[in-house]
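Notes follow the structure.
Coordinate-derived values only; no laboratory data. Everything numeric in this text was worked out from a predicted model, so none of it was measured. Note that we place each Cβ from the backbone using ideal geometry, even for glycine, and neighbour counts take in every protein chain shown.
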Amino acid sequence: MIESVIALIAFLILSPVVRAMADRQITVRSKKIATFGYSEEVRLQREAEFASAMEKIKTPKALILIMLVLAIPGALIFLTNNPIEVKIEYSLYLLLIINIAVVDQLVKRIPNELLLSLLIVRTASIIYAIINGGSIKNLIVSSIVGFALALIIFVIPSVFHVYIGAGDVKFCAVIGYCFGFLGFIEASFAMGVAMLIVLIYLKATKKGSIKSKIALGPYLALGVVVHMLTSFTSLLTR
C-alpha cells in the first residue's frame, strides 16, 4: 500500500514533465509540416490542427487529465502481485504510452523516438532478467514472436485496401515486443471493446460513424493499461 501511495505522488509530480514532453513532440512536428509534401490546402489544414493542439496541451484541463491517466493506473500497478522489477518496468511503459496517446489524439502522429524508448525499456528488462537467471529462450522468443505477429496482423488489412497508419502499425508491433503475443492480444481485445463503445456512442449521438477517422494510439494505450493491471498473461511470457 505504501508503494502505491508513493507511486501516486511520483506520477502526479511527473505529470507536468509528460505534458512538456508531449508539447515538445507536437512543436517539433509542427515545424516539419512544410517538408511533408502536402498540397497547399492540406498543409494549411495541418498547420491549423497543430496550432490548436499546441494550445490545448497547455491548458489546465490537459494537465489535470494527464495527472489522472498517469497517477491512477500508476498507483494501481503497485497494487498488483507482480515483482517489483516488473512494476518499475510497467511504470516506465505507462509514462511513454500516455505520452504517445496524448500526441496521437491531438495531431494523429506517433513519435518514433517514443516507440524506440519502449523497445529500449523492454530490451533492458530482458537483459536484467537473463542476468538474474531468466530463460533466454522464453524472454527473447516471446518478444520477437510478439513483435512479428502483431506487425503481420496489422499489416494484413492493407492487402484488402483498409488503411491503417504506419505509426499505428509500428505501435502495435512494439507492444507485441514489450508484452509478447498473448499480452498484445489481451491489450487489443480491451482496445476493441473501448473502440466499440465509442462507435456506439458516435452512432447514437449522430456525431460520427464507422467511417469516422479516429486515433488508434489512445485506445491501444488503454488496452495496454488494462493488460498491465490485470496481468493475466504477463507472467506467462517472462
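Here are the numbers for this structure:
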| read-out | value |
| --- | --- |
| Partners for Lys213 among lysines (Cα-Cα distance below 22 Å; same-chain residues under 8 apart left out) | Lys56, Lys108, Lys170, Lys203 |
| Inter-probe distance in nm under a simple model that places probes 7 Å from Cα toward Cβ, at Ile214 and Glu47 | 3.2 nm |
| Helix-only mean residue ellipticity at 222 nm for the chain, each DSSP H run of n ≥ 4 adding -39500 (n - 2.57), per residue, nearest 500 | -27500 deg cm²/dmol |
| Förster-model FRET efficiency, 25 Å R0, Ile156 and Ala124, C-beta, rounded to 0.05 | 0.20 |
| Karplus-derived 3J(HN,Hα), 6.51/-1.76/1.60, for each residue of segment 199-205, Hz, glycine and proline x | 4, 4, 4, 4, 5, 5, 8 |
| Spin-label model distance (nm) - Tyr201 vs Lys32, 7 Å beyond Cα toward Cβ | 3.1 nm |
| Cut-off 11 Å between beta-carbons: net charge of the residues surrounding Ile77, Lys and Arg +1, Asp and Glu -1 | -1 |
| Nearest 10 degrees, 0 to 90: helix 217-230 Cα axis against the chain principal axis | 20 degrees |
| Relative packing of 24-33, 187-196, which averages over residues the other C-beta atoms within 10 Å, highest first | 187-196, 24-33 |
| The chain - percent relative contact order, Cα under 8 Å, separation 6 or more | 21 percent |
